[in-house]
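Student: Quick one: structure below, then a few questions.
Taken together, the values in this text are just the output of simple stated rules run on the coordinates, not laboratory data. Note that the structure is predicted; figures quoted are calculated from it, not measured. For neighbour counting, all protein chains shown are included, and Cβ atoms are generated from backbone atoms with ideal geometry for every residue, glycine included.
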Amino acid sequence: MSDSFKYRRVLLKCSGEALMGPTPYGIDFETVDRIAKEVRSVQQLGAEVCLVIGGGNIFRGVAGATQGMQRASADYMGMLATTINALAVQHALERHNVDTRVQSAIRMDTVCEPYIRRRAIRHLEKGRVVIFAAGTGNPFFTTDTAAALRAAEMGCDALLKGTQVDGVYSDDPKKNPDAVRYDRVSYHDVLAKDLKVMDAAAISLARENKIPILVFSLHEPGGFAKVLRGEGRCTVVEGD
């Protein structure tokens, strides 16, 4: 393990939209490959890495529900979309010789392992990357909440949220040039100011388990490793 890393075991949460790259829908494999290289760079230095990936590039349960679909059914479709993304990222990582396991909260044994906490921890201890698919396995919960839950179960030192911008802002910086960027912000302020870091259930889970949330840009080359060293440009959500 590199002594320069501030966080030893981490969970990286990225949205399904992050896999689209410049395309309007689905998976851009060049973008997936770039993300895989970022994960490989820290894994090869000894960090233990697990991931949760959203499914919004393929199907978003909430959107399906607003079009008249039953919310539970829409959410299950979204969980299947996260599994497609997980398999794509697994393929990219293994192309770069990174041992990777996908564990799904919904059993689909022909394509991936079922989620078993102790097995997942053992994979991490053996230096494998673990990708958690299908959210929590329950409708009405987001992949943000799944990320906070798995981070707590794995005993992660930090939960990293890879986004399109370099931290948490008071408003969307792409729409509002006067948006204020935070270097540090408390869990309480994230909830009170509705800062859109993650949903309230995810923030509450991280708060209860004292897991810091680090929000950084997925687009900065080497950004993942820099954040793990405590050097990168990010917003740290912790404390009250």
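Student: I want to check the label-to-label distance for Gln67 and Gln164. Put each point 7 Å from Cα in the C-beta direction and report it in nm to one decimal.
Tutor: In this crude spin-label approximation the distance works out to 2.0 nm.
Student: Here is a further query. Could you give me the ³J(HN,Hα) list for region 63-69, computed from phi with Karplus coefficients 6.51, -1.76, 1.60 and θ = phi - 60°, whole Hz, x at Gly and Pro?
Tutor: 5, x, 5, 6, 9, x, 6
Student: Under the rule a/c < 1.5 gives rounded, and otherwise a/b versus b/c splits prolate from oblate, where does region 156-240 land using the Cα gyration tensor?
Tutor: Oblate is the answer for region 156-240, as a/c is 1.5 or above yet b/c matches or exceeds a/b.
Student: Is it possible to state the helix-based mean residue ellipticity at 222 nm for the chain, with each DSSP H run of 4+ residues giving -39500 (n - 2.57), the sum divided by total residues, to the nearest 500 deg cm²/dmol? What is it?
Tutor: Helix contribution divided over all residues of the chain: -11000 deg cm²/dmol.
Student: Can you figure out the FRET efficiency of Gln44 with Arg122, using R₀ = 22 Å and their beta-carbon distance, to the nearest 0.05?
Tutor: According to the calculation, E is roughly 0.65.
Student: Placing unit charges on C-beta atoms (Lys and Arg positive, Asp and Glu negative, everything else neutral), compute the dipole magnitude of the chain about its Cα centre in debye, rounded to 20. Mind dumping the intermediate values first?
Tutor: Details: 31 positive and 29 negative charges, 106 e Å.
Roughly 520 debye for the chain.
Student: Okay, moving on. Report the trypsin sites (Lys or Arg not before Pro) located in region 71-173 that are in a DSSP loop and have at most 16 other Cβ atoms inside 10 Å of their Cβ, or state none. Present the calculation step by step, with values, prior to reporting the outcome.
Tutor: On the way: sites: Arg71, Arg95, Arg101, Arg107, Arg117, Arg118, Arg119, Arg122, Lys126, Arg128, Arg150, Lys161; in loops: Arg107, Lys126, Arg128.
Loop-located and lightly packed - Arg107, Lys126.
Student: Can you work out the Karplus-derived ³J(HN,Hα) for every residue in region 191-208? Use 6.51 cos²θ - 1.76 cosθ + 1.60 with θ = phi - 60°, whole Hz, and x for glycine or proline.
Tutor: Taking θ as phi minus 60°, the curve returns 6, 5, 8, 6, 7, 6, 5, 8, 6, 4, 5, 5, 4, 5, 4, 5, 5, 5 Hz for region 191-208.
Student: Around Ile131, which amide H atoms from residues at least 5 apart in sequence, or from another chain, sit under 5 Å from its own amide H, with H modelled in the peptide plane?
Tutor: Leu51, Arg101, Val102, Gln103
Student: Now for a different question. Running Debye on region 9-237 with equal point scatterers at the Cα sites and no solvent, what base-10 log of I(q)/I(0) appears at q = 0.11 Å⁻¹?
Tutor: -0.50
Student: Here's something else I'd like to know. Just want the ordering: His123, His219, from fewest to most Cβ atoms lying within 10 Å of their own Cβ.
Tutor: Listing His123, His219 from fewest to most nearby Cβ atoms yields His219, His123.
Student: Ok, one more. Non-local amide H neighbours of Phe59 (under 5 Å, H modeled in plane, Pro and chain starts lacking H): which ones?
Tutor: Residues meeting the amide H criterion: none.
Student: Take every DSSP beta bridge whose two residues both sit in the chain, then give the antiparallel share in percent to the nearest 5. It would help to have the intermediate numbers written out before the result.
Tutor: Values: 6 of 34 bridges.
In the chain, approximately 20 percent of DSSP beta bridges are antiparallel ones.
Student: Quick one: order Val180, Val165 by neighbouring beta-carbon count within 10 Å, fewest to most.
Tutor: Numbers: Val180 10, Val165 17.
Ascending Cβ contact count within 10 Å gives the list Val180, Val165.
Student: Hey, quick one: spin label on Phe29, modelled 7 Å out along Cα-Cβ, who in region 69-113 has an amide N within reach, i.e. under 20 Å?
Tutor: Zone members listed by number: 81-102, 111-112.
Student: Tell me which of Val98, Gly68, Leu51 sits at the most positive position along the dipole axis of the chain, charges placed on C-beta atoms (Lys, Arg +1; Asp, Glu -1).
Tutor: Val98
Student: To the nearest Å, what is the center-to-center distance of region 1-65 and region 169-191, using C-alpha atoms only?
Tutor: 22
Student: Any idea what the relative contact order of region 9-237 is, in percent, if you count C-alpha pairs under 8 Å spaced at least 6 apart?
Tutor: 21
Student: Could you derive backbone 3J(HN,Hα) for region 124-129 from the dihedral phi with the Karplus parameters 6.51, -1.76 and 1.60 (θ = phi - 60°), listing whole Hz in sequence and x where the residue is Gly or Pro?
Tutor: Karplus values, whole Hz, x for Gly and Pro: 4, 5, 8, x, 8, 7.
Student: Which of these, Asp166, Asp194, Asp144, has the largest mean-square fluctuation under a Gaussian network model of the chain (Cα springs below 10 Å)?
Tutor: Comparing Asp166, Asp194, Asp144 in a Gaussian network model of the chain, the most mobile one is Asp194.
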